[in-house]
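S.K.: Pasting in a structure now, in structure tokens, and then I'll have a few things to ask.
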């Protein structure tokens, strides 16, 4: 299978609408950033005098803000296109002069071995097809110094995940006074699980789009509940921007993959999403 180029194209087209479209857990929450910080400072020590090399997979503004004003860290970020990096840079709250930008696929990056103290990624491995997992993981391990850490936020199918029909989910989400950005994100994320194949581990968003068209009449969504119309309309627009295939595994399967290259030092579960009964979100502290 070739690189998931379609996913990268989708991200490039969508990153300009990052603030408008996305809410946690689809992007890091304030609590996620606190957890990232906690692990980083536990690993390097608060009194570290040497500059530490951090590699960021992607250009997530919330994570870059975390390091922007701390001169003990020099950040190298890798992303596929300069347009993605520039769009995300415009969303940073803090401006950084200690970043190095590398335009490359993560698994092909030409950076030197054993250079980085820490690698950080946020919902990244879902963009990598299974036949490139070994290449991707071995590349991260190669770039880390001996004993270095990869802080990796992921989602997975866990014991709390409950796959429901679209009708069930609509009924769950339409009873508030208004449909929020969070509602749209969580509805879309949970609805897509119906089209996850446990054998291939691939989730196909296009199949969700096809099902959602059943609620349209003459090109417009129709439902007896006005909130349902808004929920379907906004969710469809979000799914349409990511009408691609993504990889997702069970929690056990995800951990088995990581253990082929790293030891799992710590796992932090995002408990704020438990009541949603969709995917589980975890930060893994992985040691080389």
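Read-outs: derived from the displayed coordinates by stated rules, not from any lab. Since the model is a prediction, treat every value here as computed from it, not as a measurement.
S.K.: With all pairs of different alpha carbon atoms counted, what Kirkwood hydrodynamic radius in Å does the chain show?
M.R.: Computed over Cα pairs of the chain, the Kirkwood hydrodynamic radius comes out at 19.9 Å.
S.K.: Next question, about the same structure. Give me the distance between the Cα centres of the range 157-183 and the range 254-286, rounded to whole Å.
M.R.: Rounded to whole Å, the Cα centres lie 22 Å apart.
S.K.: Mean separation of Cα pairs under 8 Å and 6+ residues apart, divided by the residue count of the chain: what relative contact order is that in percent?
M.R.: Value for the chain: 21 percent.
S.K.: Also: Could you tell me whether the range 166-246 comes out rounded, prolate or oblate from its Cα gyration tensor? Rule is a ≥ b ≥ c as square roots of the eigenvalues, rounded for a/c under 1.5, then prolate if a/b exceeds b/c, otherwise oblate.
M.R.: Cα axes put the range 166-246 in the prolate bin.
S.K.: Just want to confirm a number: the relative contact order over the range 166-246, from Cα pairs under 8 angstrom separated by 6+ residues, in percent.
M.R.: Averaging sequence separation for qualifying contacts and normalising by length gives 37 percent for the range 166-246.
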